[in-house]
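No lab work stands behind these numbers, since they all come straight from the coordinates. Everything quoted here is computed from the prediction, not taken from an experiment.
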Amino acid sequence: MSELDDAFEKIIMHKAEKMKTGLRAGSKYNKHIKIVLEQPNSTVCEEQVQNFVIGAVDAMIYDVGQALGFTKRRINIVDDWTSRRKRREMLKKIFPERTGKKLAAGHSPL
């Protein structure tokens, strides 16, 4: 891993830890997520919040990688941070408690 990859990973890990505060029930970010996800006449469960946060972190990794040009075109300089393989690897580091197995019908694994 190059120094650029190391720096990118540190930035992503730092931001992801801040985003994970949404997983704490009752936190300001958790309440906001529930408001955003809420549909009329329904409640939002914690699993939906978890999936939302994981999706947000995944999108952040992709967007930052794309913006910095850390894509398959520059693979000899840095890793392709927009690839599914690299994003999945990072998600497993960020959310080690998730097994990556299908949790319930209709929910996709890591």
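Taking 0.36 nm per residue of separation and subtracting the current Cα-Cα distance, fully stretching the chain between residue 85 and residue 98 would add 3.0 nm. Between 83, 42, 27, the Gaussian network model of the chain with springs among Cα atoms under 10 angstrom shows the greatest mean-square fluctuation at 42.
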